[in-house]
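As structure tokens, the structure follows; a few thoughts come after it.
Taken together, the values in this text are just the output of simple stated rules run on the coordinates, not laboratory data. Values in this document were obtained by computation on a predicted structure and should not be read as measured data. Please note: Cβ atoms are built from the backbone with ideal geometry, for glycine as well, and neighbour counts cover all protein chains shown.
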Amino acid sequence: LSQLRTQPECTVPHFWDEVNEECGKEKQSPINIVTNKVEYKEDLKPFTFEGYTTDQSSLWLIENNGHTVKVSLSGSAKIGGGGLQNKYNAIEFHFHWGTKLNKGFSPGSEHTIDGERYAMELHIVHRKESFSTTEQAVANQEGLAVLGFFIKTGAKNEKYEPLIEMLNEVGFKGSQKNMTSLPLESLIPDKKNLTRYYRYSGSLTTPNCYQAVVWTVFQEPIILSESQVENFLKLYFSKDKPLPMTDNFRPVQPLGDRIVYHSDV
Ligand code: SG4
Ligand code: ZN
């Protein structure tokens, strides 16, 4: 860790509050969700997913940005419902993951449930419809809505193959490639299993850690095989020096006086 700290652009989450003042504030993400302290909120109805089913028949840009592998969306997918006050456009998605050990994996989700960490976490970042840039959105308390999905290991998930095949094209920081878009719904669990979720107010988990995010963390995990997960571990944090991109999750942050709500069971 201390070796990484001296990198010009510090990519290690443990030191972010030294890098950026916002990262040391009180409504930060991720958090540990304590299931016997969450409160039921009736407003937390099912989401509506628009443009999640159709192939958006456009190109996606897949990129290693030095924190994660990120896919920028150019289609018109959006979400509503889910207790959100507005509709939000899907702008990008990316992943967080852990490390490979001699035997199995050390998990790398950002959120934890009663202290349990999942293998990976998918974040689909959405921006409030009324904003046209992310700069505007991060200046607003509810400017962004991020949907967080846990990833568990199990059977091979064929629907992820087109995306996983692209990973070796973006090994190093700064590399990017176009890819054929996929229906977003093929990357997440079946809609009927997305009625159970947690909700709280938080932040982006990378600098500048803007406290502008309505967080949703779904209970139903995505399933990928171990070897599919391993493909993410082959990326690098760096441009040239091979610093493997592993454990690219931020440690959990204090909940403070926030409340975590849950939808219907
Ligand atoms: C990753 O670095 C994404 O690539 C960033 O996306 C993202 O920032 C950042 O993570 C934080 O997102 O859901 N983990 S998170 O809180 O979405 C934004 C871009 O740089 C603004 C676009
Ligand atoms: Zn994220």
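Brief remarks follow.
- Solution diffusion estimate, µm²/s, Stokes-Einstein, the range 173-264, Kirkwood Rh from C-alpha pairs, 10 °C, viscosity 1.306 mPa s: 95
- Whichever aspartates and glutamates have a C-alpha closer than 15 Å to that of LYS41, once near sequence neighbours (fewer than 8 apart) are set aside: ASP264
- For the peptides 206-217, 34-45, residues were scored by their other Cβ atoms within 10 Å and the scores averaged per peptide; the highest-first order is 206-217, 34-45.
- Antiparallel %, DSSP beta bridges [both residues in the range 100-249], to 5: 65
- Projecting the Cα positions of MET120, GLY148, LEU73 onto the charge dipole of the range 67-197 (unit charges on Cβ atoms of Lys, Arg, Asp and Glu, taken about the Cα centre) puts MET120 furthest along the positive direction.
- Candidates PRO207, TYR236, SER132 compared by Cα position along the dipole of the chain: farthest toward the positive end lies TYR236, with charges placed on Cβ.
- Label point distance in nm, ARG258-SER132, each placed 7 Å from Cα along Cα→Cβ: 3.1
- Estimated inter-spin distance, ASN193 and LYS25, nm [label 7 Å along Cα→Cβ]: 3.6
- Residues ASN36 and LEU61, FRET efficiency given R0 of 35 Å [Cβ-Cβ distance, rounded to 0.05]: 0.25
- Kirkwood-Stokes translational diffusion coefficient of the chain, alpha-carbon pairs, 10 °C, 1.306 mPa s, µm²/s: 85
- Taking the Cα atoms of the range 58-187, the ratio Rg/Rh between the radius of gyration and the Kirkwood radius comes to 0.97.
- Ordering ASN193, ASN178, TYR160 by Cα displacement along the dipole of the range 108-230 toward the positive end leaves ASN193 in first place; charges were set at the Cβ atoms of Lys, Arg (+1) and Asp, Glu (-1).
- The packing ranking, built from the mean of other Cβ atoms within 10 Å per residue, places the peptides 59-70, 173-184 in the order 59-70, 173-184, highest first.
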